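So the structure is just underneath, and the comments pick up after that.
Bear in mind these aren't lab numbers, they're just calculated from the coordinates by the rules spelled out. This structure is a prediction, so every number in the text was calculated from the model and none was measured. Here Cβ is always computed from backbone atoms with ideal geometry, including for glycine, and neighbour counts include all displayed protein chains.
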Amino acid sequence: MRIDVVTIFPAFFDVLEVSLLGRARGAGLLDIRVHDLRDHTTDRHRTVDDTPYGGGAGMVMKPEPWAQSLDAIAAEQEGGEDAASGPLFVFPSPAGERFTQSVAREWSAEQHIVFGCGRYEGIDERVFAYASTIGRVRLVSLGDYVLNGGEVAAMAMIEAVGRLVPGVVGNPESLVEESHEDGLLEYPSYTKPASWRGYDVPDVLLSGHHGRVADWRRGQQVERTRLRRPDLLSE
Ligand code: 6GU
């Protein structure tokens with residue numbers, strides 16, 4: 001999978017060199033390229049923002065550097081002559097639709113995803129219309145809170161999607177029993193010692209009865225979902 005990131009803070013993405021995704025990049029499973037939006041400015045100050053039409057607080061990211069940056073990335077992709085076969089453009093935004101595990105699964109089958117990280121009060125709205133002429137566009141939010149920009153959100157999405165790309169996680173079975181894969185939270189896990197500082201591992205897990213273990217785990221999943229995330233059960 002190819003992933004491009006456009007940002008005014010490329011250094012945010014240095015951490016993609018470590019851990020599981022770093023290894024996947026080294027192994028050629030993920031081709032991740034980070035681009036500085038300011039490379040597509042033409043003025044001496046490398047300006048990427050301006051005041052909002054209609055007034056109001058903050059600054060808005062100018063459309064032209066975005067268009068040039070997205071054009072340059074889309075042009076590198078072979079094929080992709082029309083929007084439907086172009087890249088998937090993802091713009092992290094607190095005003096977007098919700099990013100979920102099922103969105104991550106869906107995106108893990110993409111050939112090419114481009115993350116456009118906005119700062120300030122956002123990106124000129126016309127950029128999304130323009131991007132939809134060269135690819136598919138999604139505005140996506142991590143949850144109901146506000147971050148300073150799309151960088152941290154894009155990092156989270158890259159990790160959630162990247163680990164679902166075949167080969168990135170060594171044991172694919174470990175992806176099946178996770179939280180959110182079946183609409184429930186994950187069951188609790190324990191390791192040795194069986195008794196630790198006065199806390200004991202539940203007896204059923206020491207019983208060797210696979211059926212009883214499975215029933216207990218399912219019960220725990222339902223119970224903690226009811227307690228912590230009742231919204232998941234009513235959906
Ligand atoms: Cl995707 N972006 C920003 N700026 N804030 C967020 C978010 C995204 N998701 C939750 N808060």
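Listed values, structure above:
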read-out	value
Unit charges at the beta carbon, dipole of the stretch 129-180: most positive-side option, 170, 147, 133	133
Rg ratio (alpha-carbon, reference 2.2 N^0.38 Å) - the chain	1.24
Spacing of the two label points (7 Å from each Cα toward its C-beta) at residue 232 and residue 45, in nm	4.8 nm
Backbone HN-Hα couplings from phi across the stretch 33-43 [Karplus 6.51/-1.76/1.60, Hz, Gly and Pro as x]	10, 10, 10, 8, 3, 5, 5, 10, 9, 10, 8
Amide H within-cut-off set for residue 5, under 5 Å, with H built and near neighbours excluded	33, 34, 35, 115
Those GluC sites (Glu not before Pro) in the stretch 39-121 that DSSP places in a loop and that have at most 15 other beta carbons within 10 Å	78, 81, 121
Mean Cβ neighbour count within 10 Å, used as a protection proxy, ranking 134-145, 223-234 highest first	134-145, 223-234
Computed [θ] at 222 nm, deg cm²/dmol, the chain (DSSP H ≥ 4; -39,500 (n - 2.57); rounded to nearest 500)	-9000 deg cm²/dmol
Charge sum, other residues only, whose C-beta stays under 13 Å from residue 123's C-beta, Lys/Arg counted +1 and Asp/Glu -1	-3
DSSP-defined beta bridges in the stretch 77-235 - what % are antiparallel, rounded to 5	15 percent
